[in-house]
Amino acid sequence: MCSLLIQEGLLYDPVTEEGIIVYTSGTLPSQQDEGGSAYTGRLFTLLASKGWANIEALSSRLEHFIDRLSHRITV
């Protein structure tokens, strides 16, 4: 998960002190939801930034990233 977040430019960067910290991905699913169109599960993250505007931007980018990811996971 972290390597994918790095590719998206979302993973926490200690230099800028901003980004997303994943503190567990153990609840990510291995099976599609009942509709068979996506994978549903839990991903616990912490968003860090020096300002609320960037927190909102990180949150939006994370939501889009997870949405794309949940449709491309294969088992």
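The values are calculated or read from the model by the stated rules, or taken from the named source; none is laboratory data. Everything quoted here is computed from the prediction, not taken from an experiment. A quick note on method: Cβ atoms are made from the backbone with ideal geometry, for glycine too, and the neighbour counts reach across all protein chains shown.
Some values worked out for this structure:
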{"read-out": "Some residue of the range 40-49 being modelled with pLDDT of 95 or more and over 16 Å from PHE65 (Cβ atoms)", "value": "yes"}
{"read-out": "Verdict on LEU10 being at pLDDT 95 or above and surrounded by 13 or more Cβ atoms within 10 Å (Cβ to Cβ)", "value": "yes"}
